[in-house]
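J.: Questions regarding the structure given below will be posed in turn.
The values are calculated or read from the model by the stated rules, or taken from the named source; none is laboratory data. All values derive from a computational prediction rather than experimental measurement. As a convention, Cβ positions derive from the backbone with ideal geometry for all residues, glycine included, and neighbour counts pool all protein chains shown. These accessible areas exclude ligands, DNA and RNA; they are computed on the full protein's heavy atoms, side chains included. Shrake-Rupley method; radii C 1.70, N 1.55, O 1.52, S 1.80 Å.
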Amino acid sequence: MTGKEQTGRHDRYDLVVVANRLPVDFSVRPGGGVDWQRSPGGLVTALEPVMQHADGAWVGWSGAPDLASDPFDADGMRLVPVTLSESEIERYYEGFSNDTLWPLYHDVVSTPAYHRQWWDAYRRVNQRFAEAAAAQAADGAVVWVHDYQLQLVPRLLRELRPDLRIGFFDHIPFPPVELFQQLPWRRQIVEGLLGADLVGFQRGGDASNFIRAVRRLTDYTTRGPIVTMDEGRGRQSGTAARHVRAGAFPISIDATRFDALARTPEVQTRAKEIRAELGDPDVVMLGVDRLDYTKGIRHRIKAYGELLGDGRIDAARTTLVQVASPSRENVGAYQELRQQVEVLVGRINGEFGELGHSAIHYLHHSYPPEEMAALYLAADVMLVTSLRDGMNLVAKEYIAARSDEQGVLVLSEFTGAADELGAGPVLINPHDIEGTKDAIVTAARMTAREQRRRMRRLRRKVIADDVAKWSHTFLGVLQAMPRRTSPHAPAPAPSVGGGVSASLVHALDALATADGAAVLVGLDFDGTLAPLVDDPTASAMTPAARAAVDRLAALPGTRLRLALVSGRDLADLAERARPPAGTYLVGSHGAETGHVRPDGTIEAMPVDLTPEQSAALAAVAAGLEDIAAQTEGAWVQHKPSAAVLHTRLAEPAAAAAATARAREIVARLGLEAMHGKDVVEVAVLAADKGTALARLRDVVAREGDGGTRPVHVLYAGDDTTDEHAFRALGAGDVAVKVGEGATTAAHRVADADALAAALARLADATAWRSGEPLTGA
Ligand code: G6P
């Protein structure tokens, strides 16, 4: 490419993604032009829509040695190649990235090698990536750096361009500090990451491992997920402290696109063909992995081989298809693994294969998405047995492909996916070969009905929490991070937009400035922070609400306390709302209470039921399950002290019949039900949001030094159940009704975004008073 073309659509870009690999494979023509082909990685599909929308540039390596090219445009993105020499590929990519960091970060399942020359190359190459990103980013742009190959880039980039907002996402696990500290350059890596404003991880556990590493290896102060940088020096030099936030943002796939692909006639036909080509066995099992020692491929094949040997699985009627795509073939540990897997497969096939039937079909290739979708459809049992895995997107692809609601996912506990997918898969510890064998047998024999029950649940989750949501959430939180401002600069007057009345502004300012009093901000979730949607598993805070909540939580000091108060059960509330550390949680309309620990995990108070209440709950839950089993689209939600029949997705007539039957059961058991829209909720513990809020006020009053302090409450909610909370408020408190309808609340806002504007006002007024930086955006 020459001349004008090289300047691209812009000189500078508002969003720059920096990843080890470019999202295309390309080669340079002898005359200087570029030929490129999309490479179908997960990250491309994740970021493509955001990139195209935001005028993005992508900085990365082509995958080949010494391939130099000017930036070029492809698929609506600006692609900026970073050139790596043979020796840099050996030292930075194969060496430090994949023979040092990769095994270290995956629980040292293979032994990491530490070489100073590799580290030097890693530093040099990270510097090159940082310079390339700095050259592309517009003033104040957002730069999103990805993965373990580029952990020094955030700091190097901040040194070059302090004006940028920098996010980092680690796609692989972050190890416990006890392992991480093996790394001779551990401190430099932590400092490198702390150059970002937001450091994202797959799981809460990874984020807390990182925070522990910061505490152990640096002198920075941490409060929950927030690290405060340059505090002491900042005060003297007149610049304000900078805050870095760590958090969990589990990645996903483009589930809708994959679901649609798997529904096409071509893929459906191909799935049938695959089964026929395999000799129409009763059970097809499938493994799909990069050929990597973290994936537990040997453990899986060993368990399978033993089951054939024990006769618990019939070799003549069962087949395992193992797709193992080639990966990092110049790294010794990968060469050894290939050797071991191939010997094992050969041995099992030698022992159990017949003419025309192999026990294991081992395929050392990659396949296009269409073929993968057909394989998923053809597989009765999907085996994911990783010894450690950041997320494992294969598990999510399998679920997205199964719109027939059949198929069983056997899933290792050591994947990020297991943290997210909960009870739907058959979970295993892949080191426990006996347990894994039992799980495989359970999966192979599971009834169609049980498969459907589990798969439905999994699909709801995977389709709701897709990759677009992942990138939006990450970028939303990044953009809501406060900008560094000088404490000596005059504070801009807090501004309010979005339909907040003058009287509410006045009330919020009074809350923020009440001397000696703590402020408890109690917020309902559905309909208040998150717009109401048909599928309750799909509701999420609006980006503005998310930003306001995170900002309130990040305010320093103990004056302001945040609580989410919901009818959802606590676990469900925590999962949907992803509350920031330090938030109090009230679930099941007050029957459950809990707290988000600094590491992001949830501490839930046990719900104590009397034996009678437990028996009543079991009876009503069983009754509702029966109804759901006979009603297409209905399902039962189990809470610690209640059972809920949901009929939103059922045909109206069937929903009405199911509701009538539920009433009968409830009456027969002598219980009372709460009827909502397409919902019948039966609780065995009396609870309401007002009582819960009053209790919480007491808790906040007693926090700290043993005495008590006055607490003013701001409560916002949209529903009739929130009226209980409004009624528990008194003088000096602020009640905000969200949306229309009768209320006893003194203030009203139209929707979640208007509430977010009010919360932002409260945050600004509180921060302003304590001299903290205000949000820049
Ligand atoms: C993992 C890493 C990615 C990497 C991919 C493929 O998913 O998190 O950063 O790109 O593996 O590995 P490769 O070494 O071929 O890029």
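J.: If you check every pair at least six apart or on different chains, which have Cβ atoms under 7 Å apart with a residue in the range 36-65 that is over 19 Å from Ser252 (Cα atoms) first and a residue that is within 12 Å of the ligand (Cβ to nearest atom) and charged (D, E, K, R) second?
T.: Trp36/Asp25; Gln37/Asp25; Gly60/Arg21; Trp61/Arg21; Gly63/Arg21; Gly63/Asp25
J.: In the list Met455, Met481, which residue meets the criterion of being within 28 Å of the chain's Cα centre (by Cα) and modelled with pLDDT under 90?
T.: Met481
J.: Taking the criterion of being within 16 Å of the ligand (Cβ to nearest atom), in a helix (DSSP H, G or I) and among the aliphatic types (A, V, I, L, M), would at least one residue in the range 295-309 satisfy it?
T.: Among the residues of the range 295-309, at least one is within 16 Å of the ligand (Cβ to nearest atom), in a helix (DSSP H, G or I) and among the aliphatic types (A, V, I, L, M), which makes the answer yes.
J.: Out of all the residues in the range 254-309, which are of a type in the set (S, T, N, Q) and either open to solvent by 50 Å² or more (accessible area, probe 1.4 Å) or over 30 Å from Asp432 (Cα atoms) (or both)?
T.: Result: Thr256, Thr264, Gln268, Thr269.
J.: I need a count of the residues in the range 36-95 that are within 14 Å of the ligand (Cβ to nearest atom), acidic (Asp, Glu) and part of a loop (DSSP other than H, G, I, E, B).
T.: 0
J.: Moving on to the next point. From the list Arg245, Arg257, which one is part of a strand (DSSP E or B) and in contact with a helix residue (DSSP H, G or I) (Cβ under 8 Å, 6 or more places away or on another chain)?
T.: Selected residue: Arg245, the only one of Arg245, Arg257 that is part of a strand (DSSP E or B) and in contact with a helix residue (DSSP H, G or I) (Cβ under 8 Å, 6 or more places away or on another chain).
J.: For the range 8-25, what are the residues that are at pLDDT 85 or above and not β-branched (Val, Ile, Thr)?
T.: Matches in the range 8-25: Arg12, Tyr13, Asp14, Leu15, Ala19, Asn20, Arg21, Leu22, Pro23, Asp25.
J.: Does any residue of the range 506-524 turn out to be touching a helix residue (DSSP H, G or I) at 6+ places or on another chain (Cβ under 6 Å), more than 26 Å from Val711 (Cβ to Cβ) and either at pLDDT below 95 or open to solvent by less than 20 Å² (accessible area, probe 1.4 Å) (or both)?
T.: No, the conditions are met nowhere in the range 506-524.
J.: If you don't mind, another one. For residues that are closer than 15 Å to Tyr105 by Cβ and not aromatic (Phe, Trp, Tyr), tally how many sit in the range 185-199.
T.: Residues that pass the stated criteria total 6.
J.: Could you check how many residues of the range 566-582 are modelled with pLDDT under 90, under 12 Å from Gly594 (Cα atoms) and assigned to a loop (DSSP other than H, G, I, E, B)?
T.: Of the residues in the range 566-582, 3 are modelled with pLDDT under 90, under 12 Å from Gly594 (Cα atoms) and assigned to a loop (DSSP other than H, G, I, E, B).
J.: Only residues in the range 81-97 that are more than 17 Å from Ala130 (Cβ to Cβ) count as the first member; pair them with residues that are of a type outside the set (Phe, Trp, Tyr) and within 12 Å of the ligand (Cβ to nearest atom), Cβ under 6 angstrom, at least 6 apart or cross-chain, and list the lot.
T.: Glu94/Asn330; Glu94/Val331
J.: Go over the candidates Leu624, Leu617, Leu669 one by one and state the one that is touching a strand residue (DSSP E or B) at 6+ places or on another chain (Cβ under 6 Å) and hydrophobic (A, V, I, L, M, F, W, C).
T.: Leu624
J.: Something else about it: Taking Ala742, is it open to solvent by 40 Å² or more (accessible area, probe 1.4 Å), small (Gly, Ala, Ser) and within 26 Å of Ala544 (Cα to Cα)?
T.: yes
J.: Which numbered condition in (1) in contact (Cβ under 8 Å) with a residue 60 or more places away in the chain; (2) buried (at least 19 other Cβ atoms within 10 Å of the Cβ); (3) over 17 Å from Trp58 (Cα atoms); (4) not acidic (Asp, Glu) is the only one that Trp144 fails?
T.: Here Trp144 clears every test but (3).
J.: Are there any pairs, at least 6 apart or on different chains, whose C-beta atoms fall under 7 Å, with the first in the range 551-575 and within 16 Å of Leu511 (Cβ to Cβ) and the second open to solvent by 10 Å² or more (accessible area, probe 1.4 Å) and among the acidic types (Asp, Glu), and if so, which?
T.: Matching pairs, first to second residue: Leu555/Glu772; Thr558/Glu703.
J.: Moving on to the next point. Can you find a residue that is open to solvent by 10 Å² or more (accessible area, probe 1.4 Å), away from the ligand (no atom under 13 Å from the Cβ), of a type outside the set (Ser, Thr, Tyr) and within 21 Å of the chain's Cα centre (by Cα) anywhere in the range 154-161?
T.: Within the range 154-161 (the criterion being open to solvent by 10 Å² or more (accessible area, probe 1.4 Å), away from the ligand (no atom under 13 Å from the Cβ), of a type outside the set (Ser, Thr, Tyr) and within 21 Å of the chain's Cα centre (by Cα)), the answer is no, since none of the residues qualifies.
J.: Out of the range 597-623, which residues are in contact with a helix residue (DSSP H, G or I) (Cβ under 6 Å, 6 or more places away or on another chain) and outside any loop (DSSP other than H, G, I, E, B)?
T.: Selection gives Ile602, Ala604, Gly623.
J.: When you scan the range 391-450 for helices (runs of 4 or more DSSP H) that lie fully inside it, which ones turn up with 2 or more residues that are free of Cβ contacts under 8 Å to residues at least 12 places away in the same chain and either open to solvent by 10 Å² or more (accessible area, probe 1.4 Å) or outside the structural domain of Gly633 (by TED's automatic domain parsing) (or both)?
T.: 433-445
J.: Identify all residues within the range 22-33 that are open to solvent by 20 Å² or more (accessible area, probe 1.4 Å) and more than 16 Å from the ligand (Cβ to nearest atom); write none if there are none.
T.: Hits for the range 22-33 are Ser27, Val28, Arg29, Pro30, Gly31, Gly32.
J.: While we're here: Determine whether Ser97 is in the same structural domain as Ala130 (by TED's automatic domain parsing), among the hydroxyl-bearing types (Ser, Thr, Tyr) and open to solvent by 40 Å² or more (accessible area, probe 1.4 Å).
T.: Here the answer is no, as Ser97 does not meet what is asked.
J.: Would you please name the residue that is nearest to the ligand (Cβ to nearest atom), looking only at residues in the range 339-352 that are touching a residue at least 24 places away in the same chain (Cβ under 8 Å) and surrounded by 16 or more Cβ atoms within 10 Å (Cβ to Cβ)?
T.: My answer is Val341.
J.: When the range 311-338 is examined, which residues are found to be open to solvent by less than 40 Å² (accessible area, probe 1.4 Å) and without any contact (Cβ under 8 Å) to a residue 40 or more places away in the chain?
T.: Result: Ser327, single match.
J.: Right, another one. Where the second residue is part of a strand (DSSP E or B) and away from the ligand (no atom under 14 Å from the Cβ) and the first is polar (S, T, N, Q) and lies in the range 20-32, which pairs have Cβ atoms under 8 Å and are six or more apart or on separate chains?
T.: Correct list of pairs: Ser27/Val34; Ser27/Asp35; Ser27/Trp36.
Yes/no matrix, rows are residues, columns are (1) at pLDDT 90 or above; (2) outside the structural domain of Tyr584 (by TED's automatic domain parsing); (3) not polar (S, T, N, Q):
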residue: Val679; (1), (2), (3): no, yes, yes
residue: Gly704; (1), (2), (3): no, no, yes
residue: Leu714; (1), (2), (3): yes, no, yes
residue: Asp719; (1), (2), (3): no, no, yes
residue: Ala731; (1), (2), (3): no, no, yes
residue: Lys737; (1), (2), (3): yes, no, yes
residue: Ala745; (1), (2), (3): yes, no, yes
residue: Arg748; (1), (2), (3): yes, no, yes
residue: Ala758; (1), (2), (3): no, no, yes
